[in-house]
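Read through the structure below, which is laid out as structure tokens, and then see the notes.
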């Protein structure tokens, strides 16, 4: 291959990695908007409504888009058992389970406890990915995880000081919330499995959301009866908040995440989750008039650096280490 062509190819690859890194950062910023929105609408809607109405609306939004895309490509919906069983697993054991246990756990523990327990999500993702996808941890990934963990601890000092993980009063809530984090780890790893089986981002989003939405119906019948009139009467902030969760958090952010998974391991992509406390703090400054400290800014910078190292420079660092050892 001519040197110029090879250089252009390397440049394109590097630019694509930077683009994927920016998408990971953007995706996690979208996910972070969930916290202030839920806080804003929490007094207007019940926990089941907050957890599942956005999922149902997101399904209704993106199902016609998938139908149009399938029609454009001359293919139908994949409802054969060989396809459906994968989405049943992802939709029930992943999406529905994590949303339901997240809601129950958040009700029964402190917000500070939940913030600390959330740090286990990348660990659960790495475990699930090693089992389902045979992904392996190398020294760059381990170093990036420890670097990101140091950064997130700096951004979460208030959570650390306010946490009370050992109090028996919150034990059930802590364990339920930990189960939600495990469900999140399984869901993310299984979605990478679906990406590797050549399902499109829209198919993964819509089919898992359909399963999760159907599973949530009994909750609206027996646990928290739903009234459309009551929902529409809950005020514009609640309605707009649910729409934001539906389109941004449950829709666009997931499509971007699945798109990135086409080119990187889920263990790499999920490290960006450690940006959530930093982004939530930034959003709190803008919308809730809270303050941000220099320590939080430093922690955010460390986390962003760790995601950049893992997303863009992993191969370079592994190659450099191999040359030194060789």
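Bear in mind that the values in this text are calculations on the coordinates, not laboratory data. Quick caveat, the model's predicted, so the values are computed rather than measured. Every residue, glycine as well, gets a Cβ built from its backbone with ideal geometry; the counts of neighbours run over all protein chains shown.
Here are the numbers:
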{"item": "The chain, helix-only ellipticity at 222 nm - DSSP H runs n ≥ 4, -39,500 (n - 2.57), divided by all residues, nearest 500", "result": "-23500 deg cm²/dmol"}
{"item": "Gaussian network model of the chain, Cα within-10 Å springs - most flexible of 21, 81, 240", "result": "81"}
{"item": "For the range 25-325: relative contact order, % (alpha-carbon pairs under 8 angstrom, 6 or more apart)", "result": "37 percent"}
{"item": "Distance (nanometres) between label positions extended 7 Å along Cα→Cβ at residue 88 and residue 133", "result": "2.4 nm"}
{"item": "In range of the label at residue 40: residues from the range 226-249 whose backbone nitrogen is under 14 Å from the point 7 Å along Cα→Cβ", "result": "235-249"}
{"item": "Extension reserve of the residue 78-residue 197 stretch, reckoned as 0.36 nm per residue once the Cα distance is removed", "result": "41.6 nm"}
{"item": "Ranking of 313, 68 by count of other Cβ atoms within 10 Å, fewest first", "result": "68, 313"}
{"item": "For the chain, convex hull volume per residue from C-alpha positions, Å³", "result": "174 Å³"}
{"item": "For 311, 101, 120, order by how many other beta-carbon atoms lie within 10 Å, fewest first", "result": "120, 101, 311"}
{"item": "Cα-based equivalent ellipsoid, the range 94-208: semi-axes from gyration tensor eigenvalues, Å", "result": "27, 20, 11"}
{"item": "Residues residue 172 and residue 231, FRET efficiency given R0 of 22 Å [Cβ-Cβ distance, rounded to 0.05]", "result": "0.15"}
{"item": "Residues in the range 159-201 reached by a label modelled at residue 111 [backbone nitrogen below 19 Å; 7 Å Cα→Cβ]", "result": "159-165, 170, 173-174, 177-178"}
{"item": "Residue order, fewest to most surrounding Cβ atoms within 10 angstrom, among 221, 195, 37, 65", "result": "221, 65, 195, 37"}
{"item": "Inter-site label distance for residue 222 and residue 240 at 7 Å from Cα along Cβ, in nm", "result": "3.8 nm"}
{"item": "For the chain, built as a Gaussian network whose Cα springs stay under 10 Å, the top-fluctuating residue of 171, 310, 232", "result": "232"}
